[in-house]
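Heads up: the structure comes next, in structure tokens.
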Amino acid sequence: PDADGPVNMGGMQIEFDITGTQKGTAVMDVSTGLIVEATSEQEVSGDMVVNDGAMTWPLVLTTKTMVTMEK
């Protein structure tokens, strides 16, 4: 598939016009070199466009992820 082109879903051509930010942190155990905690936040907004503009839906996505390693 073309990463910059539309996605074909059920015979419809769907394109995403989105932008956003992502940030995160990682905490490393210096004695082992292992990541013990990682967080990530992503905020994305834009439009989902179907069939060259026949239908358009606004998108607002916010995700927060936290991973913790336990011994």
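Since every read-out is calculated from the coordinates, none of them should be taken as a lab result. Please read all numbers here as calculations on a predicted model, not as lab measurements. Ideal geometry is used to build each Cβ from the backbone, glycine not excepted, and the neighbour counts take in all protein chains shown.
Annotations
- Taking label points 7 Å from Cα along the Cα-to-Cβ direction, Lys71 and Met55 give a separation of 5.4 nm.
- Electrostatic bookkeeping for Lys71 treats Lys and Arg as +1 and Asp and Glu as -1; over the other residues with beta carbon under 14 Å from its beta carbon, the sum is -3.
- Farthest toward the positive end of the dipole of the chain, out of Gln22, Val36, Met66, is the Cα of Val36, where the dipole comes from beta carbon charges about the Cα centre.
- Taking all pairs of distinct alpha-carbon atoms in the chain, Kirkwood radius in angstrom: 15.0
- Residue-count net charge about Met55 - beta-carbon cut-off 12 Å; Lys, Arg +1, Asp, Glu -1: -3
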